[in-house]
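Worksheet: one structure, shown below.
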Amino acid sequence: MIIDDPIYGWWRVEEVLSDLIRSRPVQRLKKIHQGGAAHLVHPAWNVTRFEHSVGVMLLIRRLGGSLEEQIAGLLHDVSHTAFSHVVDIVVACPEENFHDRFLETVVRQSEIPAILRKHSFHLNPILDLSRWPLLEQPAPDLCADRIDYTLRDRFHYEGMDRQTLSWFLDQLTVCGEKVCLSSVEAGEWFTELYDREVIGFFRDPLNVFAYEQLASALKKALAEGSLDMADLFTDDEAVLQKLRSRGSKEVQVMLNRIHPGVAVAKDNPCNHPSKLRWIDPLIRWEGRPVRGSVLSERIRGMNEAVLKKTGEKGPASRPG
């Protein structure tokens, strides 16, 4: 299989990856929007979990990750519920990892184990995402997951030019097992980009409104029995159709508030708790990884500003 990705370009991938990409759990992600309810109020916010999952796989590949880690990257979101992190609000999961609890179940009940056996790969280590340092890291570190969704959203929603994108990708390197950058300039650039992702997208008042309204509709539908938890593991459109056909009048009122023409006050508050989203990238400096905030007053200032806006407190900056 040859993949043409708008972020990482053309790649020919192994048969095991081709087979996994064609599998039902991965294909389902084409119907799961990365931005949760955002596309219902802003149709251009339409990146899917499928695009992101393939992108994470390719970025791990570009960084020199093993084929096993590329598989883990491709599969890391297959258990995502419809409307992505909206369901974390429904089930009161501020860590936004509700879907992770079902990864093993979703994978084992699918054709994925047979595909891996066919190509002589073992399932258990692949499902242990803590084994794969390029794929996932806690904030404020860089990782393939965090980098891909930021680049992908900003590319699609801001029209980032390919020359700048190519420059940044060339700045990525690996220090030990951590993703690092080769220059302070790249660290400052990506920190600013990520801040725009957090403030301009995750916490955009329109996005927040859509999340909270849809979460309320889902909660109500689950409580009244017009929806059950199994429905949440279908896809966005299937859940919407069931809400519209079976939901109560109260559910319909909530759904009718979510549409592209809705106007929301710019100071609309974010009332639901969410996990800490900030970065302090490691930068290769004199042969070792050092926190960007140690090397750059600008990075330090940007982090302080975004943490203040989000009401969060990050750990003190320190050498990596």
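In this structure the amide hydrogen of residue 160, modeled in the peptide plane, comes within under 5 Å of the amide hydrogens of 155, none closer than 5 places in sequence on its chain.
GNM remark for the chain: springs join alpha carbons under 10 Å apart, and the peak mean-square fluctuation among 12, 244, 196 falls on 12. Note on surface exposure: 23, 182, 130, 110 rank 130, 182, 110, 23 by accessible area, highest first, 1.4 Å probe. All C-alpha pair distances within the stretch 178-219, sorted into 10 Å bins from zero, spread as 26, 30, 22, 17, 5 percent across the bins.
Sequence-ordered 3J(HN,Hα) estimates for the stretch 280-293 from the Karplus curve with 6.51, -1.76 and 1.60 and θ = phi - 60° stand at 9, x, 6, 10, 5, 9, 6, x, 9, x, 10, 4, x, 5 Hz, glycine and proline given as x.
For residue 15 and residue 230, the FRET efficiency from 1/(1 + (r/R0)^6), where r spans their Cβ atoms and R0 equals 30 Å, is about 0.40. Most tightly packed first, judged by the mean number of other beta-carbon atoms within 10 Å of their residues, the peptides 212-224, 31-43, 251-263 read 31-43, 212-224, 251-263. Here the dipole of the chain is about 420 debye; that uses its Cα centre as origin and unit charges on the Cβ of Lys and Arg (positive) and Asp and Glu (negative).
Dipole of the chain computed with +1 at Lys/Arg Cβ and -1 at Asp/Glu Cβ about the Cα centre; of 112, 98, 287, farthest Cα towards the positive end is 98. Averaging 1/r across all pairs of distinct Cα atoms in the chain and inverting the result yields a Kirkwood radius of 20.5 Å.
For the chain, modelled as a GNM with alpha-carbon contacts under 10 angstrom, which of 301, 65, 55 fluctuates the most? Of the options given, 301 has the highest mean-square fluctuation. Couplings 3J(HN,Hα) of the stretch 165-175, computed from phi: 4, 5, 4, 5, 4, 5, 7, 6, 8, 10, 10 Hz, in residue order, whole Hz [Karplus 6.51 cos²θ - 1.76 cosθ + 1.60, θ = phi - 60°; x for Gly and Pro]. In the context of the full set of protein chains, residues of the chain present 44 Å² of accessible surface per residue (probe radius 1.4 Å, heavy atoms only). Once the mean of 1/r is taken over each pair of separate Cα atoms and inverted, the stretch 39-133 shows a Kirkwood hydrodynamic radius of 14.6 Å. Taking every alpha-carbon pair under 8 Å whose residues sit at least 6 apart, the chain reaches a relative contact order of 20 percent.
When the GluC sites (Glu not before Pro) in the stretch 32-109 are filtered for DSSP coil states and for at most 11 other beta-carbon atoms within 10 Å of their beta-carbon, the remaining sites are 95. Around the amide H of residue 180, modelled in the peptide plane, lie the amide H atoms of 173, 174, 175, all under 5 Å away and 5 or more residues distant in sequence or on another chain. Across the cross-link table entries 219/266; 219/242; 31/266; 220/242; 30/308; 30/309, which are compared at the Cα atoms, the separations over 24 Å belong to 219/266; 31/266; 30/308; 30/309. Surface composition of the chain: carbon and sulfur atoms hold 49% of the protein heavy-atom accessible area at a 1.4 Å probe.
Okay, which of the stretch 183-213 sit inside 19 Å, backbone N to the point 7 Å along the Cα-Cβ direction of residue 166? Residues passing the 19 Å test: 186.
The values are calculated or read from the model by the stated rules, or taken from the named source; none is laboratory data. Since the model is a prediction, treat every value here as computed from it, not as a measurement. Cβ coordinates were reconstructed from backbone atoms using ideal geometry, including for glycine residues, and neighbour counts include every protein chain displayed. For the accessible areas, the whole protein counts, side chains as well, though only heavy atoms, and no ligand, DNA or RNA atoms are used. Shrake-Rupley method; radii C 1.70, N 1.55, O 1.52, S 1.80 Å.
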